[in-house]
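In what follows, a structure is listed as structure tokens, so that the remarks can point back to it.
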Amino acid sequence: MEVLVCIKIVPDIEMVIPTDWIKVKDLKSLDIGYVNNIINTFDQCALELALRLGDKAKKNGIDYKLSIISIGGEECEPVLKNIFPLKVDRIIRIENEKEINNNPLAIATIIGNAINKLGPFDLIFFGIQASEYDNGQVGLVVAEILELPCVTNVTEIDLGESYTIITHQTDIGLETIHIDTPVVLTVGNTSDIYLRLATLKDKIKARGRNIELFSLEQLGLCSQKL
């Protein structure tokens with residue numbers, strides 16, 4: 001089973017000094033150069049769900065490969081490298097210098113092209129939205145680009161004999177469905193899903209592993225047209 005988690009590295013907004021918020025009108029004019037970068041909160045939930053599914057797959061003797069993909073510059077590398085000790089098989093960073101944080105279509109176009117080039121994948125995870133602009137559209141647009149079904153607000157996932165068992169939040173409560181792969185999943189903020197911490201042993205084992213770097217040109221895209 002090939003699984004992909006799409007994550008975004010974002011500034012830790014909670015570290016912003018409260019008085020700095022008073023001085024600005026919007027996020028673009030906020031000086032956040034002093035805060036650390038982290039994995040977007042919803043993406044952390046998506047990654048942990050994928051890791052839990054991997055634990056179940058391996059117990060059942062299912063071949064399970066987990067890949068991570070992220071768009072960003074070199075500033076993302078330290079955070080991405082810290083994911084390797086969680087026993088991720090592959091981490092891919094797509095280099096992009098153009099400001100596209102508030103452009104869901106551009107982000108989805110890049111990710112969709114990357115999936116077509118680097119896939120296929122059985123399950124494609126997204127956090128439901130990013131902390132900066134809260135558009136909540138990228139996962140849905142990627143599903144549309146790839147012509148795949150999309151299940152939103154996923155809270156739990158399991159494996160059946162020939163299908164995937166997905167529980168997700170609806171307007172009237174939780175619903176469990178059986179669905180064939182490939183499928184796109186967006187994960188919301190659930191109360192009992194926290195990204196695990198790597199052990200020291202796993203951190204030592206992961207030393208020296210490298211992130212794969214792709215340019216937009218390698219994905220058949222032109223930054224000027226995004």
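The values are calculated or read from the model by the stated rules, or taken from the named source; none is laboratory data. Keep in mind that what you see is a predicted model, and the values were worked out from it rather than measured. Here the Cβ positions follow ideal geometry from the backbone for every residue, glycine too, while neighbour counts run over all protein chains shown. Calculation scope for accessible area: heavy atoms of the full protein, side chains included, ligands and nucleic acids excluded. Shrake-Rupley method; radii C 1.70, N 1.55, O 1.52, S 1.80 Å.
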The condition from (1) touching a Ser or Thr at 6+ places or on another chain (Cβ under 6 Å); (2) surrounded by fewer than 15 Cβ atoms within 10 Å (Cβ to Cβ) that PRO120 misses is numbered (1)
How many residues of the range 173-213 are under 18 Å from GLY139 (Cα atoms) and open to solvent by less than 90 Å² (accessible area, probe 1.4 Å)? The answer is 10
Output for Cβ contacts, cut-off 7 Å, separation at least six or different chains, first residue at pLDDT below 95 in the range 173-194, second open to solvent by 100 Å² or more (accessible area, probe 1.4 Å) and part of a strand (DSSP E or B), reads none
Scanning the range 182-206 for residues that are under 21 Å from ASP171 (Cβ atoms) and within 13 Å of the chain's Cα centre (by Cα) gives VAL184, LEU185, THR186, VAL187, GLY188
Pairs returned, first residue in the range 86-115 that is surrounded by fewer than 19 Cβ atoms within 10 Å (Cβ to Cβ), second residue that is among the basic types (Lys, Arg) and in a loop (DSSP other than H, G, I, E, B), beta-carbon separation under 9 angstrom, 6 or more apart or interchain, are ASN101/LYS8
The residue that is farthest from the chain's Cα centre (by Cα), considering only those in the range 214-226 that are polar (S, T, N, Q) and open to solvent by 40 Å² or more (accessible area, probe 1.4 Å), is GLN224
With criteria (1) open to solvent by 30 Å² or more (accessible area, probe 1.4 Å); (2) in contact (Cβ under 8 Å) with a residue 12 or more places away in the chain; (3) not polar (S, T, N, Q), GLU74 comes up short on (2)
If we keep only residues of the range 124-139 that are more than 20 Å from TYR194 (Cα to Cα) and not in a loop (DSSP other than H, G, I, E, B), then the residue least open to solvent (accessible area, probe 1.4 Å) is GLY139
If we ask which residues in the range 171-226 are in contact with a Lys or Arg (Cβ under 7 Å, 6 or more places away or on another chain) and among the polar types (S, T, N, Q), their number turns out to be 1
- prompt: Is there a residue being among the β-branched types (Val, Ile, Thr), at pLDDT 90 or above and open to solvent by less than 10 Å² (accessible area, probe 1.4 Å) anywhere in the range 56-68?
  reply: yes
request  = Check whether at least one residue in the range 5-15 is modelled with pLDDT of 90 or more and at positive phi, and report yes or no.
outcome  = no
